[in-house]
Each structure stands twice: as C-alpha cells, then as structure tokens.
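Just so it is clear, none of the values below were taken in a lab; they were calculated from the coordinates. Since the model is a prediction, treat every value here as computed from it, not as a measurement. Ideal geometry is used to build each Cβ from the backbone, glycine not excepted, and the neighbour counts take in all protein chains shown.
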Amino acid sequence: GEVYATWYDNQLNALMQAKSTNRGALWSPAVPIAGIAGVNSAFPGEAFRNLSLPATAVDGNGTIYVAAASLNAAGMPLLGNLLELGPQIKKGEISIAELGEMLGTDDSNNIAGVDYKAGGDGLGPLSGSDIVLFKSTNGGRSYTGPVRVNQDAANGDADQFQPALAVTPSGEVDISFFDRRNDPSNYFIDTYLARSQDGGRTFTDRRASAHMWDPAVNAPTSTS
C-alpha cells in the first residue's frame, strides 16, 4: 500500500517527494530528496519547454528509483533527516532560508548548495543535459546518487531529457529518454533506452529509434 509521489520544484532546484503508507489516503509532508541542476528553459535553437520532470519506479523489494534530467549530470542527495523536519516545514516553522542554511547554502533558490551556473558538461556552448538516477533502499528516508544514465561521451554537450522509468519483476532497471547525441548540431532527436542489471549502479544504452526526428514539426509549444 505504499505510494510515492515525486516532482520537480524549479524554485528550489530540487526533486520533491511525499509518501503514503495507506494507498494514498494520507500523505507525509513533502521534502526535497535531491538537488539537481534543473533544465528550466528551452534548449538553444528550440522552442519547446522541458523542465526536469522526474520518473519514479519501485521494485519488488521496495527499492525506489527516481530519474530526471540535470545539467552536467550534476546533483546530490539531500539530508535524510529532512523527513523529520517535514512537519515543521509544512507548518512554516522552518523557512526556506533556514532550510538552505541547514544544507550549507544561503541561496534559497539552490538548496543543493552547488554552483550550477556553468555551461554544459563539454567544451561547447550547449546545455549538456544528462539523465541522472537517485535510489533509496530505506523507504525514501535517504537517497544515493546521482548515477549518470546515458552513456555518450562524458565531455560532450549532447542533450538527454524527459526520461521514462520502469523496473521489471527481475529487478532490471530500464530508462528511456530523448537524446540528441547523433546530431552534431544537437538539434534532431532520437529515443534511447538505458538498462541496468545491477540495481542502477551501472548502465548500458542503445538507440531505440530508427530515425532522428525534427522537433519543429508539430512542436508542443505554447501560444503564449
């Protein structure tokens, strides 16, 4: 009956999570489980928004996996005792600024305390968005990671974004995502599938699409 809801807070640059132990009837206060370098704007040369919307899955042993896009594969798990602080955060007894101080930063818009204002993970001018994975083996009380899921060159600027995540009954972790590594201009998009046979510690990936596609065709852009 355990249910986990995970989302991205682009004001905090954090992945947030709430938990229910009674099939969704009651929920714990939401807490930040990991800080990331969020993808908050359109990629250069394109108009559609991405955001680091996470995907979550739980295996048969109760291990929780959370995947999201993060610039430079940056990120860090946040303090496990934030779950204990949850009621105080919900009641307003702890401010975001005070929370930032607890996590070692006075920047209320970056509770991970990491400078994410640098460019991509390579030498070029583009964003270098990667897919990262966080993992919890204790019911969401603490997380480990990030593990870089996509296996293209670590010093490249190709973007990977919008992951989908599933865990098979045997424990295999599968993550699909959009990927621009095969276009030198980092514009046209493929779909890739990454797979882990060791609980998300290491991944291999392969191209799942037969052809790259043009994101300008019927792009889901806002009229505003």
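Size of segment 9-50 along its principal axes in angstrom, Cα-based, largest extent first?
46, 18, 12
Would you grab the residues whose amide H sits under 5 Å from the one on residue 73? Only those 5+ places off in sequence or on another chain, please, with H modelled 1.01 Å from N.
130
Going by average Cβ density within 10 Å per residue, which order do the peptides 54-61, 11-18, 148-155 take, highest to lowest? Can you show the working numbers first?
On the way: 54-61: 16.2, 11-18: 21.4, 148-155: 17.8.
Top of the packing list down: 11-18, 148-155, 54-61.
Would you kindly calculate the mean projected area, averaged across all directions, of the convex hull enclosing the Cα atoms of segment 142-224, in square nanometres?
Numbers: hull surface 31.8 nm².
Orientation-averaged projected area of the Cα hull: 8.0 nm².
Which peptide among 172-183, 19-30 comes first, and what is the full order, when sorted by highest mean count of other Cβ atoms within 10 Å?
Working: 172-183: 20.7, 19-30: 13.4.
Result, highest mean first: 172-183, 19-30.
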